[in-house]
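Worksheet for the structure shown next.
The values are calculated or read from the model by the stated rules, or taken from the named source; none is laboratory data. Bear in mind the structure is a predicted one, so any value in this text is a computation, not a measurement. Don't worry about glycine lacking a Cβ; one is built from the backbone with ideal geometry, like all the others, and counts go over all protein chains shown.
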Amino acid sequence: MSAVFSNRWVLVTGASSGLGEELAKRLAQRGAHLVLTARREERLRNLAADLTRVNGTRAEVVPADLSHPDGADRLLAALRERELNVSHLVNNAGFGSAGAFADLDAAREAAMVELNVASIVRLTRGLVGGMIAARDGGVLNVASTAAFQPVPFMATYAATKAFVVSFTLALAAELEGSGVRVMALCPGPVHTGFQAAAGFEGPAIPLAVLTPNRTVERGLAAYERGEHLYTPGLVNGLQSFAARLLPHGLVTRAAARTMRRLGRVPGKLAAKG
Ligand SMILES: NC(=O)c1ccc[n+]([C@@H]2O[C@H](COP(=O)([O-])OP(=O)(O)OC[C@H]3O[C@@H](n4cnc5c(N)ncnc54)[C@H](OP(=O)(O)O)[C@@H]3O)[C@@H](O)[C@H]2O)c1
């Protein structure tokens with residue numbers, strides 16, 4: 001049980017796989033009631049049934065496409081209709097795409113901005129007023145170590161996560177002393193559905209891989225401690241710290257070299273590495 005989450009309704013976006021599924025499991029163990037959302041309804045229903053069976057969790061499923069401009073508002077309307085008073089919002093749903101920006105699909109890049117950025121703004125704005133009034137609850141945004149420097153060949157994704165960190169830290173400062181906690185969790189590479197969705201294939205992830213389990217457990221512990229920005233893992237933490245200290249040009253070129261090593265760069269551009 002957890003003083004922060006016990007008997008509170010927690011909305012987890014992107015709960016159908018990876019970090020979101022793990023977050024839901026760990027939150028259930030902490031005594032939370034859960035609203036699970038993503039597009040794949042059957043996976044959410046199976047997870048909800050498992051959590052109820054194993055932990056006695058009250059779990060509601062609300063399928064939503066949060067890359068659609070109306071998706072977040074529809075989700076908020078469903079919460080109101082079911083009278084679900086959400087105390088904690090976990091903005092976890094997100095995806096990336098790897099490749100030369102000029103070759104990437106324009107509609108998919110824009111959908112990424114809608115999901116990774118706009119839906120977080122809409123959901124947070126929709127729910128934070130209730131948290132402030134209750135002097136309880138909070139917002140946990142899943143960003144990435146990609147937030148700390150531009151990442152060539154993953155340009156849109158890294159920019160969306162930089163937004164998440166900036167937005168989170170500003171909101172945390174606004175809500176200091178309000179009783180509402182706000183934190184950005186910045187994982188490094190973790191094996192989930194993320195790699196396939198981004199177009200990485202094979203065992204391409206280098207150093208510093210934490211499991212989803214450890215990433216989430218450490219992230220939730222940091223949120224419970226009241227941190228505002230947390231990067232799990234020593235190597236990830238050091239990389240993120242260095243990226244904020246060193247000149248932008250240097251860290252951007254280093255990020256480009258890493259992407260070339262991962263083989264996500266078309267031949268003509270790869271030769272420059
Ligand atoms: N894995 C990593 O290496 C890593 C590192 C740093 C940060 N992150 C961040 O961690 C978060 C979770 O990603 P993950 O690694 O767990 O990847 P994942 O296994 O692919 O999970 C992504 C989740 O987002 C949901 N989602 C995708 N598009 C959606 C949409 N249009 N509407 C609603 N939900 C949508 C997916 O559900 P449906 O497909 O069912 O909709 C899924 O539940 C993301 O924000 C990602 O950027 C991941």
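Does Glu114 satisfy the condition of being modelled with pLDDT of 95 or more, of a type in the set (Asp, Glu) and touching a Ser or Thr at 6+ places or on another chain (Cβ under 6 Å)? Spelling it out, Glu114 is indeed modelled with pLDDT of 95 or more, of a type in the set (Asp, Glu) and touching a Ser or Thr at 6+ places or on another chain (Cβ under 6 Å). Within the stretch 101-133, being in contact with a helix residue (DSSP H, G or I) (Cβ under 6 Å, 6 or more places away or on another chain) and more than 16 Å from the ligand (Cβ to nearest atom) holds for one residue alone: Phe101. Residue under question is Glu83, and the condition is that it be at pLDDT 95 or above, in a loop (DSSP other than H, G, I, E, B) and exposed (fewer than 15 other Cβ atoms within 10 Å of the Cβ); does it hold? Yes. Selection within the stretch 170-184: residues that are small (Gly, Ala, Ser) and surrounded by 12 or more Cβ atoms within 10 Å (Cβ to Cβ). The member of this set that is nearest to Asp136 (Cα to Cα) is Gly179. Scanning the stretch 70-81 turns up at least one residue that is over 17 Å from Met183 (Cα atoms) and among the basic types (Lys, Arg). Within the stretch 134-154, the set of residues being within 11 Å of the ligand (Cβ to nearest atom) and not in a helix (DSSP H, G or I) comprises Asn141, Val142, Ala143, Ser144, Met154. Annotation note: of Val165, Val182, Val209, the sole residue that is within 30 Å of Gly130 (Cβ to Cβ) and out of contact with any Cys (no Cβ under 9 Å at 6 or more places or on another chain) is Val182.
Here is a yes/no grid of residues against (1) farther than 17 Å from Ser87 by Cβ; (2) surrounded by fewer than 17 Cβ atoms within 10 Å (Cβ to Cβ); (3) within 14 Å of the ligand (Cβ to nearest atom):
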{"position": "Trp9", "(1), (2), (3)": "no, no, no"}
{"position": "Thr13", "(1), (2), (3)": "no, no, yes"}
{"position": "Ser17", "(1), (2), (3)": "yes, no, yes"}
{"position": "Thr37", "(1), (2), (3)": "no, no, yes"}
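Among all residues of the stretch 215-235, there is at least one that is in a helix (DSSP H, G or I), farther than 21 Å from Val10 by Cα and at pLDDT below 95. Can you tell me which residue among Asn46, Asn85, Asn92, Asn55 is without any contact (Cβ under 8 Å) to a residue 24 or more places away in the chain and of a type in the set (S, T, N, Q)? After ruling out the rest, the residue left standing is Asn46. Is it true that Gly126 is crowded, with 17+ Cβ neighbours inside 10 Å, part of a helix (DSSP H, G or I) and modelled with pLDDT of 95 or more? So Gly126 fits the description; yes. Filtering the stretch 160-176 for residues that are under 17 Å from Arg26 (Cα atoms) and among the charged types (D, E, K, R) leaves an empty set. From the list Glu227, Glu176, which one is free of Cβ contacts under 8 Å to residues at least 12 places away in the same chain and more than 25 Å from Arg108 (Cβ to Cβ)? After applying the criteria, what remains is Glu176.
Taken over the stretch 155-175, the residue count meeting the criterion of being in a helix (DSSP H, G or I) and either farther than 16 Å from Ala98 by Cβ or in contact with a strand residue (DSSP E or B) (Cβ under 6 Å, 6 or more places away or on another chain) (or both) is 13.
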